[in-house]
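The values are calculated or read from the model by the stated rules, or taken from the named source; none is laboratory data. Not measured: the values here are computed from a predicted model. Positions of Cβ are generated from backbone atoms using ideal geometry, with glycine treated the same way; all protein chains shown enter the neighbour counts.
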């Protein structure tokens, strides 16, 4: 664990030196809420009935969806992006000449990104709480965070597969973009399953985002306990276990292959 | 594979090929140009404990590949690798605790954090913690003369300082074996000389580390290495002290300045072509000749003087890597023919 923390510390200290970028990124979250608020207010009469089981207000429905989007974007994109950069600079190879194991390395490198996602999500939720007419069940924030963590783990599996592809063929083959698009469209980020075309609606439960957002909204916007959404929690846990197992195996095997093929660094 | 206690590293029959990377589709269809290319061919090397061992070769000779195999980030196709008595292929995790690598590329550092944080990270990755780690970091930075700038970002350093940071990072756990990949590649001559002195006096003599150094500079190898292996297109063509290597494959080169009027006579005595003449400067011409051995110099000078040639200068010329490799390549077919015979 201390190796993971050491990597997290070095990487975070480096990222924190980008002070202006950090500030602008945080401000952009605040700015982005403005159009969402007005669009959501305009669509409220149309959406009210369709989202009634998950939220009484379309604005907060969208905010929770956006938080989950932040989480999965980081989970699927960070690993291939870091691996690609570190292959080019030779950093990956250097780190692998030390006794560090790859899960500690990847975990350490992801720590800052997810910390940053948590901060942006908090800013988003606080802004929504200030502007929204409905309430947010803040005392369920720990359970909500745990569900977002499970969602992150489920999608980190995709990130590991994309990272494995980078090790193998120098490209993530658009896997992160494809997964992000499908998850956003089918995962109830912007609209419930009920408004999806009948041909694709049955696919929605196959996306880990769908149960995660259902749980998240029940907790935070409907003030329901975890027990009321237990089947979805179990489903999401299954996704998380399967995601890490499959992604981890792919990454491990591709690392072995890269050691044979010499693709740990850019020639 | 049994490793004598005197050997820090033993490579035996190490072979490696790489597939030419021409795109996924071409590789899947096995199109021409994607066949594997041999980079190392049955390489045998023994590095003794406490010595500075050079891997000398041109770009693409296979030096970096050999170092990557030593540092366990690359697996050979065939052969055996022993580092500090440990089988590197069977137990790479233990080998990583005995050997540290100083890469050629300074981009492998975290540029946005301080030198101290860079070294601290590696100390932690090698399992050091708390006060032990902090002490080791301070010692490593002091050893390379960066203790006074340890808090500064690596991105603000000169190339020489970054190179020292890479060395400090490798030294932080005081590993018994250090692998340096072209350590003076991006340094100015003065800094390069200081670094060579540091490698020889501090790393090797004071700390007792075994140093394996890849370089394409014969000057660097001559100044630093106790022994060196000459790598030509993935094959070790000779292993010895560099002076012996130069003598064995290249002979002794000398620069002879003689009166222009006696050039033809001098050329004949020095076994140089006599159908070409060198432009004269102040009535003298400079010729470069190869002697079988530098010990022959007095005999040659005497012969020139006896033949009436006015000799203004007679000095040995250091063999460049290009000369050495050309000579080695020229010797190789003969060596192979002798071996087959």
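Note on segment A:122-141: residues that are assigned to a helix (DSSP H, G or I) and surrounded by fewer than 18 Cβ atoms within 10 Å (Cβ to Cβ) total 9. The condition of being over 21 Å from the mean Cα position of the chain (by Cα), farther than 30 Å from residue A:250 by Cβ, at pLDDT below 95 and within 14 Å of chain B (Cβ to nearest Cβ) does not hold for residue A:91. Of all the listed residues (B:50, B:145), the sole one being more than 14 Å from chain A (Cβ to nearest Cβ) and more than 23 Å from the chain's Cα centre (by Cα) is B:145.
Return the only residue of B:89, B:66, B:74 being buried (at least 23 other Cβ atoms within 10 Å of the Cβ), assigned to a loop (DSSP other than H, G, I, E, B) and within 13 Å of chain A (Cβ to nearest Cβ).
Among B:89, B:66, B:74, only B:74 is buried (at least 23 other Cβ atoms within 10 Å of the Cβ), assigned to a loop (DSSP other than H, G, I, E, B) and within 13 Å of chain A (Cβ to nearest Cβ).
Scanning segment A:144-162 for residues being surrounded by fewer than 17 Cβ atoms within 10 Å (Cβ to Cβ) and touching a residue at least 24 places away in the same chain (Cβ under 8 Å) gives a total of 1. Only one of the numbered conditions (1) in contact with a helix residue (DSSP H, G or I) (Cβ under 7 Å, 6 or more places away or on another chain); (2) within 13 Å of chain A (Cβ to nearest Cβ); (3) closer than 27 Å to residue B:62 by Cβ is not met by residue B:170, and that is (1). Taking the listed residues B:102, B:39, B:113, B:119, the one that is within 9 Å of another protein chain (Cβ to nearest Cβ), touching a helix residue (DSSP H, G or I) at 6+ places or on another chain (Cβ under 9 Å) and within 19 Å of residue B:163 (Cβ to Cβ) is B:113, with no other qualifying. Highlighted here are the helices (runs of 4 or more DSSP H) found entirely within segment A:1-113 that include at least 3 residues which are in contact with a helix residue (DSSP H, G or I) (Cβ under 9 Å, 6 or more places away or on another chain) and more than 30 Å from residue B:97 (Cα to Cα): A:19-51, A:58-89. Could you please let me know if residue A:217 is within 14 Å of chain B (Cβ to nearest Cβ) and more than 16 Å from residue A:106 (Cβ to Cβ)? No, not satisfied.
Scanning segment B:122-138 for residues that are on the phi < 0 side of the Ramachandran plot, at the interface with chain A (Cβ under 10 Å from one of its Cβ atoms) and surrounded by 14 or more Cβ atoms within 10 Å (Cβ to Cβ) yields B:122, B:123, B:124, B:125, B:126, B:128, B:133.
So that you can scan it fast, the table gives a plain yes or no per residue for (1) at the interface with chain B (Cβ under 8 Å from one of its Cβ atoms); (2) surrounded by fewer than 18 Cβ atoms within 10 Å (Cβ to Cβ):
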{"position": "A:2", "(1), (2)": "yes, yes"}
{"position": "A:9", "(1), (2)": "yes, no"}
{"position": "A:15", "(1), (2)": "yes, yes"}
{"position": "A:19", "(1), (2)": "no, yes"}
{"position": "A:22", "(1), (2)": "no, yes"}
{"position": "A:36", "(1), (2)": "no, no"}
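Taking the conditions (1) more than 7 Å from chain A (Cβ to nearest Cβ); (2) in a helix (DSSP H, G or I); (3) at pLDDT below 90 in turn, residue B:56 satisfies each one other than (2).
Collect the residues in segment A:211-226 that are farther than 16 Å from residue A:149 by Cβ and in a helix (DSSP H, G or I), keeping them in residue-number order.
Taking segment A:211-226 and keeping what is farther than 16 Å from residue A:149 by Cβ, we get A:214, A:217-218, A:221-225.
Result: A:214, A:217, A:218.
Residue A:173 fulfils the conditions (1) surrounded by fewer than 20 Cβ atoms within 10 Å (Cβ to Cβ); (2) in contact (Cβ under 8 Å) with a residue 24 or more places away in the chain; (3) over 30 Å from residue A:37 (Cβ atoms) except for a single criterion, (2).
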